[in-house]
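*Asks:* Pasting in a structure now, in structure tokens, and then I'll have a few things to ask.
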Amino acid sequence: MKLFECTKVLKDEKDRDKVAEIYKDYSKTMLYVANYILKEIHLAEDAVSEAFIKIIDNLEKIDQIDSYRTRAFIMIIVRNTAIDMFRKQKKNQTVSLNECNYALGYEESAFDQFSVREACVMIGKGIAKLRKNYSDILYLKIEMDCSYEEMGKILGISRENAKMRLYRARKALKEELRKEKEKEIK
């Protein structure tokens, strides 16, 4: 992918510099992730190009380039772009999405007797047990403060699907936390 082609659509010099720095810092990792999923380097390069277009569309979401938050945001975009490409190639093949451990807010009533730290630990464990697409959408909503439209664009789904997936992810997390609480009581 040629960085120049992506950045020439940007009119602001600061945005061009930001994209150039993102490219310098993350392009190799992005290519590795995409190639791991697609198993073909030319397809991985296409996935990275498409991911950069999505990153440019959401550039305002990136404050600090060298941060865990930015890295996670970029990896979610490139991974989902590569998975979409893989699915288009292999329509009948299922892609397995595994675990994750992103931060999330919590329901006050469920944690009245716990300290905030204990609640965060429980939530982290609960999220780690969720499917990858659920943990991703929770991350985009809570950490990146994305709207349904933005989540849909990033994940390659409609606004309505993003809304439903977020609802299901929250429901799955609540169920996981309920199970953990029951284990502690026993």
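*Asks:* Within 10 Å of each residue's Cβ, count the other Cβ atoms and sort SER147, SER135, SER27 from fewest upward. Could the numbers behind the result be given before it?
*Replies:* Working: SER147 12, SER135 25, SER27 18.
By the 10 Å Cβ count, ascending, the order reads SER147, SER27, SER135.
*Asks:* Could you work out the relative contact order of region 121-178? I mean the mean sequence separation of Cα pairs under 8 Å and 6+ apart, divided by the number of residues, in percent.
*Replies:* 43
*Asks:* Between THR29 and ARG87, what's the calculated FRET efficiency when r is the beta-carbon distance and R0 is 22 Å? Round to 0.05.
*Replies:* Values: r = 22 Å, r/R0 = 1.00.
That pair, THR29 with ARG87, gives E of 0.50.
*Asks:* Give the peptides 176-183, 32-39 in descending order of average Cβ contacts within 10 Å, highest first.
*Replies:* 32-39, 176-183
*Asks:* Can you put ILE74, ILE53 in order of Cβ neighbours within 10 angstrom, beginning with the fewest? If you can, show how the numbers build up before the last one.
*Replies:* On the way: ILE74 24, ILE53 15.
Taking fewest neighbouring Cβ atoms as first place, the list is ILE53, ILE74.
*Asks:* While we're looking at this one, here's another question. For LYS186, what is the net charge nearby, where nearby means another residue's Cβ is under 15 Å from its Cβ and Lys, Arg count +1, Asp, Glu -1?
*Replies:* Working: positive: ARG178, LYS179, LYS181, LYS183; negative: GLU180, GLU182, GLU184.
Cβ neighbours under 15 Å give a net charge of +1.
*Asks:* From the alpha carbon gyration tensor of region 3-89, can you work out the equivalent ellipsoid semi-axes (sqrt of 5 times each eigenvalue) and give them in Å, largest to smallest? Present the calculation step by step, with values, prior to reporting the outcome.
*Replies:* Values: eigenvalues 95, 37, 23 Å².
Equivalent-ellipsoid dimensions as semi-axes: 22, 14, 11 Å.
*Asks:* Using the Cβ atoms and a cut-off under 10 Å, what net charge is assigned to the surroundings of MET151, where Lys and Arg are +1 and Asp and Glu are -1? Don't jump to the answer; show the numbers that get you there.
*Replies:* Numbers: positive: LYS141, LYS153, ARG159, LYS163, ARG165; negative: ASP136, GLU149, GLU150.
Neighbourhood net charge equals +2.
Readers should treat all values here as calculations from the given coordinates under stated rules, not as data from a laboratory. What you see is a predicted model, and the numbers here were worked out from it, not measured in a lab. Virtual Cβ from ideal backbone geometry, glycine too; neighbours counted across all protein chains shown.
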